[in-house]
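Trainee: Quick one: structure below, then a few questions.
The values are calculated or read from the model by the stated rules, or taken from the named source; none is laboratory data. It should be emphasised that the depicted structure is a prediction, and the values quoted were computed from it without experimental measurement. Heads up, the Cβs are rebuilt from the backbone with ideal geometry, glycines too, and the neighbour counts pull from every protein chain shown. The accessibility values were calculated without ligands, DNA or RNA, using every heavy atom of the protein model including side chains. Shrake-Rupley method; radii C 1.70, N 1.55, O 1.52, S 1.80 Å.
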Amino acid sequence: MDAEIADYLKTGVEVARTAGKEINGAFLEEKRIECKSSAVDLVTETDKHVEDLIISTLKKKYPTHSFIGEESTAAGKHCEWTDNPTWIIDPVDGTTNFVHSFPYVAVSIGLTINRQIVLGIVYIPVLDDLYTATKGGGAFLNGKKIQVSCQEDLKQSLLLSEVGSSRMESEVTIKMKNYQALVLAGVHGLRSIGSAAVSMCLVAKGCNDAYYEYGIHSWDMAAGAVIVLEAGGVLLDTTGGPFDLLSRRVLVASSRKLADSVSSHLTHLELPRD
Ligand code: LIP
């Protein structure tokens, strides 16, 4: 691995672990909750504090780098993605899980250079599971190489998706229609665990075969995207076209064949870009 990327990875892992300690410390405590875009789009003090901690640590070490963070964007900072090295951060991916002390909560840190995702770190502090990947360097869970399943058959597959935080009837209707189409197509199961980053890592690890979601953001997907690719998976737009980090939608799968089968059952949602 390139020495510069190795240094970024080491720093990113250190800060993710520090952030994880903060999340674990607050996990069973009572949380002060605020709402963002909807009554079910939640944020806690921990989200804000952990994002500040991650960005200030990385900024100190890499003062010329750029940053996109979920909570800074929610607070009004423009989401500007350029060729400059850009850290894309979700301090607490799975905030609703965190609020309910449901353990799938992750620190998600991706780094893009020239708008290519070059590294991804997803740390689930409650489980002490650390997923990492660098472009061309493979994907790992707690230092052990991981690989997607070899599933190609929709009828033999276990899938993941989410209803998300929009409560617009037209969006919810399409999401439910998609669930119904896949269930009736005969999948083994369709799970929702409340975190895009964790969902992508479970596909990378091979214990789930595909995940798609509409309505998520670059910070939910950046790290998981490179982890799935480096584990041998495919990363696409939900239509089966090329993945676009700002498009608010994603489809990952163990194989192109399975991705195409999932995509063919979806009614697609167009969403405002990040
Ligand atoms: C969450 C995503 C999840 C989605 C939720 C939410 P957050 O991110 O990871 O997949 O369904 O609506 O966007 O807001 O907890 O960081």
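Trainee: At most 16 other Cβ atoms within 10 Å and a DSSP loop assignment: could you name the trypsin sites (Lys or Arg not before Pro) in region 111-218 that fit?
Mentor: ARG115, ARG167
Trainee: Note the angle between two axes, namely the Cα long axis of helix 169-184 and the longest principal axis of the Cα atoms of the chain, as a number of degrees from 0 to 90, rounded to the nearest 10.
Mentor: The two axes meet at around 60 degrees.
Trainee: What value, in deg cm²/dmol to 500, does the helix sum -39500 (n - 2.57) over DSSP H runs of n ≥ 4 give at 222 nm once divided by the residues of the chain? Provide the component values of the computation, followed by the final result.
Mentor: Details: 8 runs with 99 residues, N = 274.
Helix-only estimate at 222 nm: -11500 deg cm²/dmol.
Trainee: Would you mind checking LYS144/LYS205; LYS155/LYS205; LYS21/LYS48; LYS21/LYS144 for any pair whose Cα atoms are more than 18 angstrom apart? Kindly include the intermediate steps, with their values, before the conclusion.
Mentor: On the way: LYS144/LYS205 10 Å; LYS155/LYS205 20 Å; LYS21/LYS48 15 Å; LYS21/LYS144 22 Å.
Violating the 18 Å limit, Cα to Cα: LYS155/LYS205; LYS21/LYS144.
Trainee: Between GLY233 and residues 5 or more places away or on another chain, which pairs have amide H atoms under 5 Å apart, with H built 1.01 Å from N, and which residues are they?
Mentor: Excluding prolines and chain starts, which carry no amide H, the hits are VAL148.
Trainee: Using only the Cα atoms, work out Rg/Rh for the chain, with Rh taken as the Kirkwood radius, to two decimals.
Mentor: 0.94
Trainee: Tell me which of PRO91, LEU229, LEU58 sits at the most positive position along the dipole axis of the chain, charges placed on C-beta atoms (Lys, Arg +1; Asp, Glu -1).
Mentor: Towards the positive end, the residue furthest out is LEU229.
Trainee: What number, in percent, do you get for the relative contact order of the chain if the mean sequence gap of Cα pairs under 8 Å and at least 6 apart is divided by its residue count?
Mentor: Averaging sequence separation for qualifying contacts and normalising by length gives 17 percent for the chain.
Trainee: Once you charge only the Cβ atoms, +1 for Lys and Arg and -1 for Asp and Glu, what is the size of the charge dipole of region 154-264 about its Cα centre, to the nearest 20 debye?
Mentor: It works out to roughly 260 debye.
Trainee: Relative to a virtual label point 7 Å from the Cα of LYS144 in the Cα→beta-carbon direction, which members of region 207-236 show backbone nitrogen distances below 16 Å?
Mentor: It comes to 207-208, nothing else.
Trainee: Where only protein heavy atoms count, and the probe is 1.4 Å, what is the accessible area per residue for region 3-145 in Å²?
Mentor: I get 47 Å² per residue for this part.
Trainee: At 0.36 nm per residue, and after removing the present C-alpha to C-alpha distance, how many nm does the segment from TRP81 to GLU4 gain when stretched out fully? Before the final figure, lay out each step's value.
Mentor: Values: separation 77, 0.36 × 77 = 27.72 nm, distance 2.07 nm.
Difference between extended and current length: 25.6 nm.
Trainee: If the viscosity is 0.890 mPa s and the temperature 25 °C, what translational diffusion coefficient in µm²/s does Stokes-Einstein give for region 3-145 when Rh comes from Kirkwood over Cα pairs? Don't skip to the end; give the middle numbers.
Mentor: Working: Rh = 15.4 Å.
Translational D for this selection: 159 µm²/s.
Trainee: Can you pull the percent of the chain's accessible area that's carbon plus sulfur, 1.4 Å probe, other chains left in place?
Mentor: So the carbon and sulfur contribution to the accessible surface is 53 percent.
Trainee: Tell me, Kirkwood radius of region 60-111 from alpha-carbon pair distances, in Å?
Mentor: Hydrodynamic radius (Kirkwood, Cα pairs) of region 60-111 is 12.2 Å.
Trainee: As I understand it, the value is the acute angle between the Cα axis of helix 218-230 and the longest principal axis of the Cα atoms of the chain; what does it come to in degrees, rounded to 10?
Mentor: Around 70 degrees separate the two axes.
Trainee: May I ask you to evaluate 6.51 cos²θ - 1.76 cosθ + 1.60, the Karplus curve with θ = phi - 60°, for each residue of region 123-133 and list the ³J(HN,Hα) values in order in whole Hz, giving x for glycine and proline?
Mentor: 10, 9, x, 5, 9, 6, 9, 10, 9, 9, 7
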